[in-house]
Amino acid sequence: MKLPPGKIPVEILKEVVFKNLGAQRSEVVLGPAAGLDGAILNVGSKDAIVSMDPITAAVEHIGWEAVNINANDVATFGVEPTFLFSCMMLPANAESEMVQTIASQMNTAAKELGVAIVGGHCESTPGLENPIVVGCVMGLTEKGKYVTAAGAKSGDKLILTKSAGIEGTAILATDRKDQLSKVFNEAYLESARGFYSQISVVKDALTAYRAGGVHAMHDPTEGGILNGIHELADAAGLGTRVFEDRITVEPETAKICRFYEIDPLQLISSGALLIAAEAEAAGKIVDALCREHIYADVIGEFNPSPHKRILVHKDDSAEMLPRPPSDHLWIALSQ
């Protein structure tokens, strides 16, 4: 089977990766599973939340993203990210200035989040065309003071913060600026590049968790909003009903997606946050987010049938919720 770009299919994760996990240790409270953002480890009087992700497509802001994307995964547990390890792999014959650029971006992002960079590795790697940065973020919390992506319950409301395709919009406006500048003016592309400032969901997640009533959170990365919803439902073994007209798509995202003929709901969406919450608490959570100037809305709800995942379109027609085989960013980058 030839693998698509980006995340490997969940079937291979289940049949191959999750069957090769080394030794069993009692300190592992939560290990790998489909839809989960990280692990939970028993470290004495506290629990450690640990998550790891590579940054492969965002070239100009790769250091910034390496910190924020990994910090996001820890924050979806309702836990503040605190420590970062990184592995920086650079193209062969890269200039030392590339190290300076990536390291300074990581330093700035980490300081803004209160994260300490505590270790890692840096090398020049033969065969690479673009740099790759792998990050691993940890956060510490009191015993049991967290939620997981598997915690959604039937009847929960599904809340989305911000909008679809945030990260994908920023990447395309930055890394394909020469191509897009033939169609869009510089002011418009500058606005789209500014979406990088929205990529952190640490404030979103901690605000929602502290408001109470949150059962699960997940940041939709590869595969966009639609894949993120599937991952949240997969982790809980539930179905869902989602209303397309409640999912915000900013004008910059919509226009760039039309140019590349891709779906903004299937475009990498770091910066948005999916929240499963008690129905009675949904309004309180949305209000708490809005007080922090974070736009949020209820876009659907969960049901008990994992085979009943429905997307309701703006004209009230409905279809099974599409599951992206690959992120639409890769479609755009191939053009």
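Where a number appears in this text, it was derived from the coordinates with a stated rule and is not lab data. It should be emphasised that the depicted structure is a prediction, and the values quoted were computed from it without experimental measurement. As a convention, Cβ positions derive from the backbone with ideal geometry for all residues, glycine included, and neighbour counts pool all protein chains shown.
Couple of notes before you dig in:
- Looking at the range 275-331, the strands (runs of 3 or more DSSP E) lying wholly inside it that each contain 1 or more residues that are without any contact (Cβ under 8 Å) to a residue 40 or more places away in the chain sit at 318-320.
- Matching entry among 240, 221 (being in a loop (DSSP other than H, G, I, E, B) and in contact with a strand residue (DSSP E or B) (Cβ under 6 Å, 6 or more places away or on another chain)): 221
- With respect to the conditions (1) surrounded by 14 or more Cβ atoms within 10 Å (Cβ to Cβ); (2) farther than 30 Å from residue 42 by Cα; (3) of a type in the set (Gly, Ala, Ser), residue 187 falls short on a single one, namely (1).
- Flag for residue 142 being in contact with a strand residue (DSSP E or B) (Cβ under 8 Å, 6 or more places away or on another chain) and farther than 29 Å from residue 31 by Cα: no
- Of all the residues in the range 287-330, those that are in contact with a helix residue (DSSP H, G or I) (Cβ under 9 Å, 6 or more places away or on another chain), acidic (Asp, Glu) and farther than 16 Å from residue 155 by Cα number 4.
- In the set (1) under 20 Å from residue 200 (Cβ atoms); (2) surrounded by fewer than 23 Cβ atoms within 10 Å (Cβ to Cβ), residue 312 fails one condition alone, (1).
- Count of residues meeting criterion [touching a residue at least 24 places away in the same chain (Cβ under 8 Å) and either β-branched (Val, Ile, Thr) or more than 23 Å from residue 268 (Cα to Cα) (or both)] in the range 152-191: 11
- Residue count, the range 215-264 (criterion: acidic (Asp, Glu), closer than 17 Å to residue 8 by Cα and out of contact with any Asp or Glu (no Cβ under 8 Å at 6 or more places or on another chain)): 2
- Residues that are more than 29 Å from residue 307 (Cβ to Cβ) and either free of Cβ contacts under 8 Å to residues at least 40 places away in the same chain or part of a loop (DSSP other than H, G, I, E, B) (or both) within the range 243-274 comprise 250, 251, 254, 258, 261, 271, listed in sequence order.
- Where a residue in the range 4-27 is free of Cβ contacts under 8 Å to residues at least 60 places away in the same chain and its partner, wherever it lies, is not in a helix (DSSP H, G or I), with Cβ under 7 Å and at least six apart: 13/34; 14/34; 18/32; 21/31; 21/32; 27/41; 27/42
- Qualifying residue in the range 306-329 (condition: of a type outside the set (A, V, I, L, M) and closer than 19 Å to residue 180 by Cβ): yes
- All of (1) in a helix (DSSP H, G or I); (2) of a type in the set (Ser, Thr, Tyr); (3) closer than 18 Å to residue 48 by Cβ hold for residue 141 with one exception: (1).
- So residue 39, is it under 18 Å from the mean Cα position of the chain (by Cα) and surrounded by fewer than 21 Cβ atoms within 10 Å (Cβ to Cβ): yes
- The residues of the range 49-86 that are of a type in the set (Asp, Glu) and within 12 Å of the chain's Cα centre (by Cα), listed by number, are 53, 65, 73.
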